[in-house]
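Okay, structure first, notes after.
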């Protein structure tokens, strides 16, 4: 049996890139300041980096799955060129009210459901209790809780967050995710060490 590894689960829009709404073209994709450096440091710390992203724009007909895949490949290569290798990219193209019939459905992968995180856990042998979910929305925190992810980090990257999202998170930070993870590790060591 493979040894389990801790992971950082990362939402995409609003966590890795600026959320301009239905981002699906390279020209509209803008990495959030500091996120690449943070991801590189987390990788050096031994975490698997796993993107888990709802992409309802596919179901809504805002862009095609092929357009999403092209952008995702570009993002992956852009990160790799900066010494950030992703261990997995999971996405949900579904939405219950989607206009594209193929993707109009209730599924277990769309956050707040934990399907993407569970799939990553099983494929990558992730130690969920030692892992983190970093996201900017309540649904990210709920998916992490449902998948038994150890720590939920809510980032504030410009869009308003709800009190419910704040309450669902273990950390509520404005810093890039590396600072949040470092702060959480320090707090755990102070509490338990």
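Scoring residue 11 on the criteria (1) closer than 16 Å to residue 120 by Cβ; (2) under 14 Å from the mean Cα position of the chain (by Cα); (3) assigned by TED's automatic domain parsing to the domain that holds residue 106 leaves a single failure, condition (3). So is residue 4 under 25 Å from residue 141 (Cβ atoms), touching a residue at least 12 places away in the same chain (Cβ under 8 Å) and surrounded by fewer than 19 Cβ atoms within 10 Å (Cβ to Cβ) or not? So residue 4 passes the test.
To keep it simple, each residue is scored yes or no on (1) touching a strand residue (DSSP E or B) at 6+ places or on another chain (Cβ under 8 Å); (2) assigned by TED's automatic domain parsing to the domain that holds residue 56.
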site	(1), (2)
79	no, yes
103	no, yes
116	yes, yes
157	no, no
168	yes, no
171	yes, no
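In the set (1) touching a residue at least 24 places away in the same chain (Cβ under 8 Å); (2) under 18 Å from residue 135 (Cβ atoms), residue 20 fails one condition alone, (1). Annotation note: of 83, 76, the sole residue that is in contact with a helix residue (DSSP H, G or I) (Cβ under 7 Å, 6 or more places away or on another chain) and at pLDDT 95 or above is 83.
Counting only helices (runs of 4 or more DSSP H) that sit completely within region 26-134, those holding 1 or more residues that are exposed (fewer than 14 other Cβ atoms within 10 Å of the Cβ) correspond to 35-44, 65-80, 115-124.
The values are calculated or read from the model by the stated rules, or taken from the named source; none is laboratory data. The model shown is predicted, which means the values in this text are computed figures rather than measured ones. Here the Cβ is made from the backbone with ideal geometry for all residues, glycine too, and neighbour counts use every protein chain on show.
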